[in-house]
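S.K.: Have a look at this one.
Here, each number is a calculation from the coordinates, and none is a lab measurement. Owing to the predicted nature of the structure, the values given are computational and were not obtained by experimental measurement. When we count neighbours, we look across all protein chains shown, and the Cβ atoms used for this are built from the backbone with ideal geometry, even at glycine.
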Amino acid sequence: MATFLYNLGRLAFRRRHFVALIWVALLTLAGVGAASAPAAGTTSFSIPGTEAQKAFDLLEQRFPGASADGATGRIVFKAPDGQKMTDADNKATVAKTVKELGGGTEVVSVTDPFTTNAVSKDGSVAYTSVKYEVPGMELADSTRESLEAAGDDARAAGLTVDVGGDALEAGAEPGAAGEIVGIAIAAVVLVITLGSIVAAGLPLLTAIIGVGIGVSTITVLAKALDLGDTTSTLALMIGLAVGIDYALFIVSRYRNELAEGRDREEAAGRATGTAGSAVVFAGLTVVIALAGLAVVNVPMLTKMGLAAAGTVVIAVLIALTMIPAMLGYAGRKIRPAGEKRKSSKERTSSKEQTSSDAATSQKQAKPNMGTRWASFVIRRPVAVLVLGVVGLGAIALPATQLELGLPDDGSQPTSTTQRRAYDTLSEGFGPGFNGPLMIVVDAKDSDDPTAAFGDVADGIKDLKDVVTVTPPAPNKAGDTATITVIPNSKPSSTQTEDLVHAIRDKGSDSKADTDAEVLVTGTTAMNIDFSQKLNDALVPYLALVVGLAFLLLIVVFRSILVPLKAALGFLLSVLAALGAVVAVFQWGWFSGLIGVEETGPIMSMMPIFMVGVVFGLAMDYEVFLVTRMREAFVHGESASQAVVTGFRHSARVVVAAAIIMMAVFGGFISSGESMIKMIGFGLAIAVFFDAFVVRMAIVPAVLALLGKKAWWLPKWLDRALPNVDVEGEGLRVHDDPAKGSDADEDRELVRV
């Protein structure tokens with residue numbers, strides 16, 4: 001592979017006009033296609049295999065036209081002090097609002113609070129419910145805008161009006177200021193790492209082109225494949241992250257090759273052959289992690305993962321072809337590693353310096369920070385290893401108390417209308433009123449459906465934590481009925497989750513007596529089932545992703561212990577990151593520092609999302625750092641010296657890549673929406689733990705303790721594995737073609 005990519009890099013360097021033209025043409029084609037693509041419309045959301053989804057499907061069959069899974073909006077009215085909502089003027093104002101809501105698009109029905117008894121006992125609060133044809137995430141933006149504006153007249157009349165419900169579940173975008181700061185930090189880090197604005201601009205330019213092609217392609221396919229906005233968002237985030245990383249590693253290696261005295265075309269070829277090989281396998285680990293989301297069996301997650309994986313593939317292809325081409329355009333504007341800006345006279349003199357002089361100068365250069373740190377770890381491997389493992393283990397302890405759930409209006413900032421509506425309803429009607437449960441009773445096989453409906457309702461009334469049970473509402477055929485249950489606790493609480501399970505257990509018992517099947521659904525039950533499904537899929541997902549990546553890394557490193565160490569280190573960093581998320585967002589530790597206004601269960605998608613994203617980035621750092629060690633070891637250095645060499649060449653760029661990712665993810669922390677804030681914090685802290693603790697401390701400590709055993713591989717397995725030559729051993733023949741056979745012989749001696 002190294003030889004193939006070496007030739008590809010040199011070809012792209014020489015034919016840079018042609019390569020650049022191809023990518024610009026692809027970007028233009030994708031952009032034109034996205035601009036002319038039909039509107040994607042609404043996207044569907046389903047959770048196959050869950051009881052809540054089964055109940056929704058049954059309602060669609062037995063209650064046609066009822067839009068069982070449609071979104072619900074709530075306009076909450078609160079009378080001024082000294083007044084009641086039942087006063088004539090207030091009733092007239094509410095009636096006008098109800099009439100306006102009824103004429104909206106996608107609206108199925110609107111309730112009148114004074115005919116549905118939706119007024120609090122003290123008369124200070126009333127609400128109207130709006131039922132829509134489609135789920136909340138499928139509503140058109142214009143529908144949400146109309147819902148938010150519906151109470152303007154009532155506010156003008158002196159009422160306090162807020163809007164809640166899952167019809168407004170579309171989360172707020174991350175704060176623009178945070179994103180700008182993150183990108184600015186990334187740009188500064190690139191300039192410091194690569195030594196010039198031109199060199200720093202290449203990773204940003206190629207990453208933008210890559211995500212432009214990827215996101216535009218997703219837009220083109222959105223309607224045909226039912227892709228939502230979240231699909232483009234994930235593809236943009238991951239594509240930008242890996243695009244910068246991969247380009248950074250190749251450009252950095254190019255500067256190192258220049259410092260060895262090689263001409264620019266040769267340096268571009270070698271950088272592509274060595275760092276490019278690592279890019280290929282690092283990209284494969286990310287693709288495995290993202291495509292592996294299909295095992296969760298949630299169509300939305302599968303589409304998001306596959307689309308993001310496609311963007312990663314584009315990022316890899318751009319790094320292998322467009323980066324060498326751009327290096328050709330940059331010419332002498334990109335200086336060798338370690339070379340500072342010189343005067344005109346000094347540049348003229350430097351041109352006369354021979355390649356051997358450059359190599360000698362490089363060897364005599366003083367040790368950099370990576371060299372000094374690696375030497376320190378090698379001298380004290382046990383202390384560093386124990387401190388790293390114990391430290392991350394302690395931070396991971398809160399993860400043992402992890403509670404999963406989906407955010408609701410109660411987790412929104414207090415400044416939002418959703419949160420104010422939630423709190424007002426809780427004060428007027430009780431906390432459970434914000435999360436009603438819908439019970440579907442299928443009595444088609446029952447001898448007496450009406451009696452079965454009554455028995456189920458009576459049984460639920462006897463359960464703990466139940467406030468209200470409405471009378472059964474049968475369909476026209478009389479074989480299916482719905483019952484609404486109001487819990488005593490808020491929707492995201494463990495008490496409500498326990499009640500859902502208790503109702504299902506009660507339904508299983510009553511089925512034996514009445515032949516009626518009892519199903520629990522509604523937004524709250526759907527969230528509970530979704531969380532459980534993701535929780536159940538986490539272990540199979542981990543086994544698949546880590547297992548496949550383990551096999552891939554065996555091929556890359558030709559070792560058993562190095563991939564095992566990489567996988568265990570990743571698990572340690574992810575557990576520590578989850579522990580930090582639980583401590584901040586569930587327990588409230590240091591929550592004020594990042595603006596967490598409401599603690600509660602951790603978003604159910606967080607663990608599996610963090611595993612997929614962080615695993616890919618962690619393996620990026622592992623591959624780029626350890627392949628350089630493997631390269632040095634194969635070229636004859638001792639195991640300890642190979643660790644130092646790997647850090648001398650790669651530590652700086654790996655640290656830079658990690659800081660860039662932390663800055664990008666950290667920009668999401670400034671969001672006012674708790675879910676986005678949680679994702680930004682979780683990913684940023686996970687990258688910090690993995691890059692700076694696991695890869696920079698635990699990895700060299702373990703390799704120092706293992707010595708040559710780290711690179712051990714059974715002979716039978718060594719013969720069976722394909723030789724991908726990630727370390728670029730095959731490129732030694734280009735130094736002296738006559739030594740090709742000697743190079744091969746040296747490699748065999750190293751293996752022995």
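S.K.: Report ³J(HN,Hα) in whole Hz for each residue of segment 288-303, in order, from the Karplus equation J = 6.51 cos²θ - 1.76 cosθ + 1.60 where θ = phi - 60°; Gly and Pro get x.
M.R.: Result, rounded to whole Hz: 4, 5, 6, 5, x, 4, 5, 5, 5, 6, 10, x, 4, 5, 4, 5.
S.K.: Around Thr416, which amide H atoms from residues at least 5 apart in sequence, or from another chain, sit under 5 Å from its own amide H, with H modelled in the peptide plane?
M.R.: So Thr416 has HN proximity to no qualifying residue.
S.K.: With N set to the residue count of segment 72-168, report its C-alpha Rg divided by 2.2 N^0.38 Å to two decimal places.
M.R.: Values: Rg = 12.8 Å, N = 97, 2.2 N^0.38 = 12.5 Å.
Expressed relative to 2.2 N^0.38 Å, the Cα Rg reads 1.03.
S.K.: Once amide H atoms are placed 1.01 Å from N in the peptide plane, what residues at a sequence separation of 5 or more from Tyr127, or on another chain, have their amide H within under 5 Å of its amide H?
M.R.: Phe77
S.K.: Something else about it: Got a sec? Charge dipole of the chain, +1 on Cβ for Lys and Arg, -1 for Asp and Glu; which of Ile676, Met629, Ile22 is way out at the positive end?
M.R.: The one lying farthest along the dipole's positive direction is Met629.
S.K.: Let me ask something additional. How large is ³J(HN,Hα) for each residue in segment 7-17, as worked out from phi by the Karplus curve 6.51 cos²θ - 1.76 cosθ + 1.60 (θ = phi - 60°), to whole Hz, x for Gly and Pro?
M.R.: Karplus values, whole Hz, x for Gly and Pro: 5, 5, x, 5, 5, 5, 5, 6, 9, 4, 4.
S.K.: Cβ neighbours within 10 Å, averaged per peptide: list 202-209, 156-163, 113-120 in order, most packed at the top.
M.R.: Packing proxy ranking, top to bottom: 202-209, 156-163, 113-120.
S.K.: Using amide H atoms built in the peptide plane, which far-off residues or other-chain residues are under 5 Å from Ser604 H to H?
M.R.: Gly405, Leu406
S.K.: Now for a separate question. Once all Cα-Cα distances of segment 1-133 are split into 5 Å bins that start at 0, what whole-number percent is in each one?
M.R.: Binned Cα distances yield the sequence 2, 8, 11, 10, 9, 8, 8, 7, 6, 5, 5, 6, 5, 4, 4, 3, 1.
S.K.: Report the local net charge at Arg62: Lys and Arg +1, Asp and Glu -1, summed over other residues whose C-beta lies under 11 Å from its C-beta.
M.R.: Values: positive: Lys444, Lys476; negative: Asp57, Glu60, Asp442, Asp479.
That works out to -2.
S.K.: At a 10 angstrom cut-off on C-beta neighbours, averaged per residue, how do the peptides 282-291, 601-610, 91-100, 408-417 rank from highest to lowest?
M.R.: 282-291, 601-610, 408-417, 91-100
S.K.: Continuing with this model, one more query. Per the helix-only calculation at 222 nm, which mean residue ellipticity applies to the chain, given -39500 (n - 2.57) for every DSSP H run of n ≥ 4 and division by its residues, nearest 500 deg cm²/dmol?
M.R.: Helix contribution divided over all residues of the chain: -20500 deg cm²/dmol.
S.K.: Now for a different question. Based on the alpha-carbon set only, what is the convex hull volume of segment 597-664 divided per residue, in Å³?
M.R.: 115
S.K.: Okay, moving on. Whole-Hz Karplus ³J(HN,Hα) for segment 428-436, in order, using 6.51 cos²θ - 1.76 cosθ + 1.60 and θ = phi - 60°, x for Gly and Pro?
M.R.: Per residue, the Karplus-derived 3J(HN,Hα) values read x, 10, x, x, x, 5, 7, x, x Hz.
S.K.: Would you list the P(r) distribution for segment 414-528, with all Cα-Cα distances sorted into 10 Å bins from 0 and each bin expressed as a whole %?
M.R.: 15, 44, 27, 11, 3, 0
S.K.: Using alpha-carbon positions, what is the distance between the centroids of segment 457-510 and segment 74-132, in Å?
M.R.: Computed from Cα coordinates, the inter-centre distance equals 26 Å.
S.K.: Sorted by packing (mean other beta-carbon atoms within 10 Å per residue), highest first, where do 470-478, 691-699 land?
M.R.: Descending mean neighbour count gives 691-699, 470-478.
S.K.: If the limit is 18 Å between Cα atoms, which of Lys464/Lys490; Lys54/Lys533; Lys91/Lys121; Lys78/Lys121; Lys533/Lys677; Lys444/Lys533 go over it?
M.R.: Details: Lys464/Lys490 14 Å; Lys54/Lys533 14 Å; Lys91/Lys121 16 Å; Lys78/Lys121 13 Å; Lys533/Lys677 23 Å; Lys444/Lys533 28 Å.
Result: Lys533/Lys677; Lys444/Lys533 exceed 18 Å.
S.K.: Relative contact order for segment 72-168 using alpha-carbon pairs under 8 Å, separation at least 6, rounded to a whole percent?
M.R.: Computed over segment 72-168, the figure is 45 percent.
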